[in-house]
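A.B. asks: Below is the structure I would like to discuss, written out as structure tokens.
The values are calculated or read from the model by the stated rules, or taken from the named source; none is laboratory data. Keep in mind that what you see is a predicted model, and the values were worked out from it rather than measured. Note that each Cβ is placed from the backbone with ideal geometry, even for glycine, and that neighbours are counted across all protein chains shown. Note: accessible area is taken over every heavy atom of the protein model, side chains too, but ligands, DNA and RNA are not part of it. Shrake-Rupley method; radii C 1.70, N 1.55, O 1.52, S 1.80 Å.
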Amino acid sequence: MTSQLAELDQTRAMSDEEAPDAVPVPHALVPHLDETAILLDIDGTLLDLMPTPREVWVPPGLSETLNRLTERTSGALAMVSGRSLNDIDLIFAPDVFRAVAGHGAEMRLTVDNEADDVHAPPMDKELKRRLAAIAKLSPGILLEDKGYSLALHYRLAPHAEKAIYEAVSLIRADLPNAPIEVLPGKFVCEIKHSGFTKATGVRELMKHEPFRGRRPIFIGDDVTDETVFAIMPDMNGLSFSVGRRAIGVNGHFDAPNDVRAFLARLLDDTRLE
């Protein structure tokens, strides 16, 4: 078992062309779930991408899998998402999961608390107003206000991508001292306060029970997940990308349905412990 994990760790130094193709083998990765923390991005990783953020849905059987994994890991399962805690809860209702939300702006360490820590202050109202006006460039651009960030979704208006980023660049040039960061994603441009990321949120999460001392496994698909991929070696963790062969990961999945099948197999393979 140790040699199998060592071989997986060695894949981190590979270039994109050499990145691992194989879907991870559950029993080789998780010899003991009670020593593991499972960290999951949502959109494009756990759930299939949809034309609009509100159209995502939880496939049959996934809630049972997540709840059983939460039980088997003594609660060390968390969502790591750009979505707000409120959004995450609406998607998975009535289930409630521990989470790093809003790209690290929000965190929930226990399922009976709405939020344990909020790192980011609200975005300046005038800056937000100027950024929100970009949505008027095309009828297909959807505006999402998270308070501490603003997201411009253009899956329904892919032709507007260049215009969106050009407009954001002009605003940033006009306000060079504004403490903001632009996060490009899959058909979304998100503008948030600088200073917090999914990685800063995961680092904080791993300091607390029931995550502390466990080996994390992180699965993500987007550019914003790369900050977490990068810190997994610091925690003796493993990371896997979805839909693409990201640099520095231990392997990748082709699509979210493969991730869901893998998580279900983790439960089956515990018989091998």
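A.B. asks: Quick one: net charge of SER74's neighbours, Cβ under 13 Å, K/R +1, D/E -1?
C.D. replies: +1
A.B. asks: Just add up the charged neighbours of MET50: K/R +1, D/E -1, any other residue whose Cβ is under 10 Å from the Cβ of MET50.
C.D. replies: My count for the surroundings of MET50 gives -1.
A.B. asks: Further question on the same structure: Mind checking the per residue accessible area of region 190-251 for me, 1.4 Å probe, whole number of Å²?
C.D. replies: I get 34 Å² per residue for region 190-251.
A.B. asks: A further question on this structure: Normalising by the residue count of region 146-248, find the relative contact order in percent from Cα pairs under 8 Å and 6+ residues apart.
C.D. replies: For region 146-248, the relative contact order is 23 percent.
A.B. asks: Lysines within cross-link reach of LYS162: Cα-Cα under 18 Å, excluding same-chain residues under 8 positions apart?
C.D. replies: LYS136, LYS186
A.B. asks: Which value, in debye to the nearest 20, describes the size of the charge dipole of region 188-228 about its Cα centre when Lys and Arg Cβ atoms bear +1, Asp and Glu Cβ atoms bear -1, and nothing else is charged?
C.D. replies: Result for region 188-228 is approximately 340 debye, rounded to the nearest 20.
A.B. asks: Tally Lys/Arg at +1 and Asp/Glu at -1 over every other residue whose Cβ is under 15 Å from the Cβ of VAL188; what's the total?
C.D. replies: That sum, taken over residues with Cβ under 15 Å, equals -4.
A.B. asks: Let me ask something else. What order do VAL228, VAL56 take when sorted by accessible area (1.4 Å probe), most exposed first?
C.D. replies: Sorted descending by solvent-accessible area, the residues read VAL56, VAL228.
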